[in-house]
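Engineer: Here it is, the structure, as structure tokens.
The values are calculated or read from the model by the stated rules, or taken from the named source; none is laboratory data. These figures come from a predicted structure and were not determined experimentally. Backbone-built Cβ (ideal geometry, glycine too); neighbour counts: all protein chains shown. Ligands, DNA and RNA are stripped out before the accessible areas are found, and what is left, the full protein with its side chains, is counted by its heavy atoms. Shrake-Rupley method; radii C 1.70, N 1.55, O 1.52, S 1.80 Å.
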Amino acid sequence: MTAVEIVDLHKSFGDLEVLRGISASVATGEVVCVIGPSGSGKSTLLRCVNLLEQPNSGKIVVNGVEITDRDCDIDGARRRLGMVFQQFNLFQHLTVLDNLTIAQRKVLRRDKAEAERVAMDNLTKVGVADKVRSYPAQLSGGQQQRVAIARALSMGPEVMLFDEPTSALDPELVGEVLGVMRQLADEGMTMLVVTHEMQFAREVADKVLFMDGGVVVEQGPPDQVIGAPQHERTKTFLARVLDPIHRTE
């Protein structure tokens, strides 16, 4: 089954056309990683899938529901999608537990006991159950991002969207977040991931999309797109990001 279908998606900001006819799909239980240079439209694509940005034209279907239909219940559609951002976006004045329960209680109308049970299950899953009474400022960046993932999972999403979730982390903290994402993939969570972590994409993704200039230049299994790219632009990009000399510049 197809969990997410994107058909001829266009998005402009003023005169700047950021997405120029994107078509892609994510099967149920599949991990799709989106790679490419800065400014290629990767994050805009993800934000359109969650309707944080309204596409100018095209169609997005999530588990059989066209969320770009004008009559679609946008709030209802968003509940089917969990999103984790580059920045953690936690409520600084709330404890970790309250960060995870507030939306459950207000949006899903769960009672306090059920919301806290779901929160604890997900905090345990991501390995920060011992931080339940802490405030975000008391946590490392890696811990905050794991809390953000647990918060998204607590809403029971059908699809998880990750927008470069490790880009704001110190290098030594990246592994703990990628470890949680690997676990989710192993459990069969449908995931659309914008990432610059090429090793993660190669090991975990079922499919990789390489974007540049607002279009999908190349897509396929990671061994094909990352291991043996066919398009010259893909080859140039990967030669640069995989070269350890350039990565330290």
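Engineer: Which value, in Å², gives the accessible area per residue of the range 101-198 when a 1.4 Å probe is used on the protein heavy atoms? Mind showing how you got there, number by number?
Structural biologist: Working: 4190 Å² over 98 residues.
On a per-residue basis, the range 101-198 sits at 43 Å².
Engineer: Ignoring everything but the protein chains, give the 1.4 Å probe accessible area of Cys48 in square angstrom, nearest 10.
Structural biologist: Approximately 0 Å² for this residue.
Engineer: Which distance in nm do the two modelled labels at Tyr135 and Asp186 give, with both placed 7 Å along the Cα-to-Cβ direction?
Structural biologist: 3.6
Engineer: If I fit a long axis through the Cα atoms of helix 96-106 and take the longest principal axis of the Cα atoms of the chain, what angle between them do I get, 0 to 90°, rounded to 10?
Structural biologist: 90
Engineer: Let me ask something additional. Enter the Cα centre distance for the pair the range 214-239 and the range 13-90, rounded to the nearest angstrom.
Structural biologist: 21
Engineer: Which loop GluC sites (Glu not before Pro) in the range 114-195, with loop taken from DSSP, have no more than 12 other Cβ atoms within 10 angstrom of their Cβ? It would help to have the intermediate numbers written out before the result.
Structural biologist: On the way: sites: Glu114, Glu116, Glu158, Glu172, Glu176, Glu187; in loops: Glu158, Glu187.
Within the range 114-195, the qualifying GluC sites (Glu not before Pro) (loop, at most 12 other Cβ atoms within 10 Å) are Glu187.
Engineer: I would also like to ask the following. For the chain, give the share of DSSP beta bridges that are antiparallel, in percent and rounded to the nearest 5; count only bridges with both residues there.
Structural biologist: Values: 21 of 38 bridges.
Bridges in the chain that DSSP calls antiparallel: roughly 55 percent.
Engineer: Another question, if that's okay. Which net charge results for the neighbourhood of Ala137, defined as the other residues with beta-carbon distances under 15 angstrom from its beta-carbon, given Lys and Arg at +1 and Asp and Glu at -1?
Structural biologist: Working: positive: Lys131, Arg133; negative: Asp98.
Overall, the nearby charge balance is +1.
Engineer: Once neighbouring chains are kept in place and the probe is 1.4 Å, which whole percent of the accessible area of the range 39-162 is contributed by carbon and sulfur?
Structural biologist: Ligands and nucleic acids excluded, carbon and sulfur give 44 percent.
Engineer: Sticking with this one: As a test question: what accessible area, to the nearest 10 Å², does Met120 have when a 1.4 Å probe is rolled over all protein chains in place?
Structural biologist: Result for Met120: roughly 60 Å² accessible.
Engineer: Could I ask something else about it? Under 1.5 on a/c is rounded, so check that first for the chain, then, if it is not, pick prolate when a/b is larger than b/c and oblate when it is not; a ≥ b ≥ c are the square roots of the alpha carbon gyration tensor eigenvalues.
Structural biologist: Details: a/c = 1.90, a/b = 1.30, b/c = 1.47.
Oblate is the answer for the chain, as a/c is 1.5 or above yet b/c matches or exceeds a/b.
Engineer: Where in the chain is the longest stretch that carries no trypsin sites (Lys or Arg not before Pro) classed as loop by DSSP and with at most 13 other Cβ atoms within 10 Å? Please list the in-between numbers first.
Structural biologist: Working: sites that count: Arg70, Arg109, Arg133.
The answer is 134-249.
Engineer: Could you grab the relative contact order for the chain? Cα pairs under 8 Å, six or more apart, rounded to a whole percent. Intermediate results must be reported in sequence, preceding the final value.
Structural biologist: Working: 458 pairs, mean separation 64.5, N = 249.
This gives 26 percent for the chain.
Engineer: Separate question: Using 28 Å as the Cα-Cα cut-off, could you pick out the over-long pairs in Lys106/Lys207; Lys11/Lys207; Lys207/Lys235; Lys59/Lys125?
Structural biologist: Details: Lys106/Lys207 36 Å; Lys11/Lys207 23 Å; Lys207/Lys235 17 Å; Lys59/Lys125 34 Å.
Exceeds cut-off: Lys106/Lys207; Lys59/Lys125.
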